[in-house]
Amino acid sequence: SGQVTFHAISQSGITQTPAIFTGSGTASPVKVVARGDAGPAGSIVNVIPLNFQMNNAGQVVYVAGLVGGSSPEGIFLGTAGGAQASVALAGAGAPGTGGGVFSDFRNFDIELNNSGAVAFRADITGGTASSGVYLGSASAPPAPRLIEGKPLPGGGTAGFLTPALNFI
C-alpha cells in the first residue's frame, strides 16, 4: 500500500518519547503507539519495541511492556492514528495448557498476515506446558496451534518450542 512503519524518537523540548510511526512518501508520519500511551486495564505502555510487523492493510503488531496494570506485557495490533487492541497479555490464560498462563512474548516470535491474524510463540507458566504457538487477532482470542508435550501428526510429541527460531 506504499506505507512504511518505523521506530523513532519524538522530541518535545528535552522530553524524548520512543514511538512507532507509519508514513508514506506522500503523507506525514502518524503515530501508531508511543511510550506513555494508555494500555489495557489501566496500564501504561512503557517499552516500545524496535521490531514489529506490518501488513498490507496498514495494521502493525508488536510486543510492548506495560506498567500500572494487571499485566507486564502484551501483544498488540493497531493502526496509525487508531486504537490498539490486545491480542494476548502476560498473565492471561494460555489455552490448551491445563491451566497455564502466558508469561513472556518476544517481538521476534510474532507474524502478521494481511487479514489481521497474528501467529505468536509464548512462554507459559503454571500448566502442563512451558511453550506454545498460538493464533489470535484483535477480535479472536488466542487459539493453540502447537503446544509443548502435545501429540504431533504422524506420531511423537512436540518438544520445547525454541524462541526466535520458529518463524522465518
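The values are calculated or read from the model by the stated rules, or taken from the named source; none is laboratory data. Source: prediction; values computed, not measured. With ideal geometry, Cβ positions are generated from the backbone for all residues, glycine too; neighbour counts draw on all protein chains shown. When the accessible area is computed, the model is the full protein with side chains, heavy atoms only, and any ligands, DNA or RNA have been set aside. Shrake-Rupley method; radii C 1.70, N 1.55, O 1.52, S 1.80 Å.
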Which value in nm describes the separation of the simple spin-label points at residue 157 and residue 26, placed 7 Å from the Cα toward the beta carbon? 5.6 nm
Measuring from its Cα centre, the range 71-162 shows a charge dipole (+1 at each Lys and Arg Cβ, -1 at each Asp and Glu Cβ) which, in debye to the nearest 20, is 180 debye
The answer for chymotrypsin sites (Phe, Trp or Tyr not before Pro) in the range 97-168 that fall in a DSSP coil and have at most 15 neighbouring Cβ atoms within 10 Å is 160, 167
So how much slack lies between residue 114 and residue 164, counting 0.36 nm per residue of separation and subtracting their Cα-Cα distance, in nm? 15.9 nm
For semi-axes √(5λ) of the Cα gyration tensor in Å, pick the label among (1) 25, 18, 15; (2) 30, 18, 12; (3) 33, 26, 14 that corresponds to the value derived from the coordinates. (2)
What are the ³J(HN,Hα) values, in whole Hz, obtained from phi via the Karplus relation 6.51 cos²θ - 1.76 cosθ + 1.60 with θ = phi - 60°, for each residue of the range 152-158 in sequence order, with x given for Gly and Pro? 9, x, x, x, x, 10, 6
Selected from 124, 155, 103, residue furthest toward positive end of dipole (the range 102-168; charges at beta carbon): 155
For the pair residue 145/residue 34, report the inter-label distance in nm, with labels modelled 7 Å from Cα in the Cβ direction. 3.4 nm
With a probe of 1.4 Å, find how much accessible area the chain has per residue, and write the answer as a whole number in Å². 48 Å²
How much length would be gained if the chain were fully extended between residue 46 and residue 104, taking 0.36 nm per residue of separation minus their Cα-Cα distance, in nm to one decimal? 19.3 nm
